[in-house]
1. Could you pull the Rg and Dmax for the stretch 2-64, using just the Cα atoms, both in Å?
2. Which whole-Hz couplings ³J(HN,Hα) result when phi for each residue of the stretch 24-39 is put into the Karplus expression 6.51 cos²θ - 1.76 cosθ + 1.60, θ = phi - 60°, listed in order with x for Gly and Pro?
3. Placing +1 on the Cβ of each Lys and Arg and -1 on the Cβ of each Asp and Glu in the stretch 2-64, which of Val18, Gln31, Ile2 has its Cα farthest towards the positive end of the resulting dipole?
4. In whole Hz, what ³J(HN,Hα) sequence does the stretch 52-58 give by Karplus (6.51, -1.76, 1.60; θ = phi - 60°), x for Gly and Pro?
Amino acid sequence: MIQVLRAFKNLHRARCRVFKDDIEALTAGRQKINEEYRKNLNVTNPDTIRELIKNSDEATEELLTCVVQLKLVDENEPKYREYLFLVCK
């Protein structure tokens, strides 16, 4: 149970670090993380729990190493969005 809580907190810390100052991304990330954890709340099989923890740890690592947030430089350029997220694979 402690490993589940640690993975949950680490994922939220990564979310806060990566999407700092972006309220929309922070909120969407929080909702998605909480939704995924609630979806698996009743899982009792130890092997399944270990796999879910592994997935959470991998998601945390991807957030911290592969997500780049770029801010809009020219507000007058219509083809650019306010933020562009690039995820490496």
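Values quoted throughout were computed directly from the atomic coordinates according to the rules given, and no laboratory measurement underlies them. All values derive from a computational prediction rather than experimental measurement. Quick reminder, even Gly has a Cβ in these numbers, built from the backbone with ideal geometry, and neighbours come from all protein chains shown.
1. In order Rg, Dmax, the Cα atoms of the stretch 2-64 give 11.9, 38 Å.
2. Running phi through 6.51 cos²θ - 1.76 cosθ + 1.60 with θ = phi - 60° gives 4, 5, 4, 5, 4, x, 4, 4, 5, 4, 4, 4, 5, 5, 5, 4 Hz.
3. My answer, from the dipole projection, is Ile2.
4. 5, 5, 4, 4, 5, 5, 5
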